[in-house]
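Read through the structure below, which is laid out as structure tokens, and then see the notes.
The values are calculated or read from the model by the stated rules, or taken from the named source; none is laboratory data. Since the structure is predicted, the reported quantities are computational estimates derived from the model, not experimental observations. Glycine gets a Cβ as well: all are built from the backbone with ideal geometry, and neighbour counts include every protein chain shown. All accessible areas refer to the heavy atoms of the entire protein, side chains included, with ligands and DNA or RNA removed. Shrake-Rupley method; radii C 1.70, N 1.55, O 1.52, S 1.80 Å.
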Amino acid sequence: MTIGSEVKQCLASLKGVEASLSSLALRTQENESKQILHETMMDVNEIVTDLKKRVGELENEEFQYKGF
């Protein structure tokens, strides 16, 4: 497995974590838990955004990573 495909696999996993946190935040009844889950989801979202940028950089820097 190439670095590019591993980074993209990590990105997909993080998107799943983000979706799970969002779902939990919507379903929970306790306000404090809801807030913590939402804040954590937003933190993961920032990481996802940064990782997407890195994937773009990898694709531009290394031709072999393009399209993975």
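Against the test of being on the phi < 0 side of the Ramachandran plot, acidic (Asp, Glu) and at pLDDT 95 or above, the options 61, 39, 6 yield a single qualifying residue, 39.
Applying the condition of being more than 17 Å from the chain's Cα centre (by Cα) and without any contact (Cβ under 8 Å) to a residue 12 or more places away in the chain to segment 1-32 and asking which residue is least open to solvent (accessible area, probe 1.4 Å) yields 28. Of all residues in segment 1-33, those satisfying the criterion of being farther than 20 Å from residue 62 by Cα, part of a helix (DSSP H, G or I) and not hydrophobic (A, V, I, L, M, F, W, C) are 13, 15, 16, 18, 20, 22, 23, 27, 31, 32, 33.
Figure legend. Inter-residue proximity from segment 33-52: first residues closer than 23 Å to residue 6 by Cα, second residues β-branched (Val, Ile, Thr) and assigned to a helix (DSSP H, G or I), beta-carbon distance below 6 Å, spacing 6+ or different chains. Indicated pairs: 44/17.
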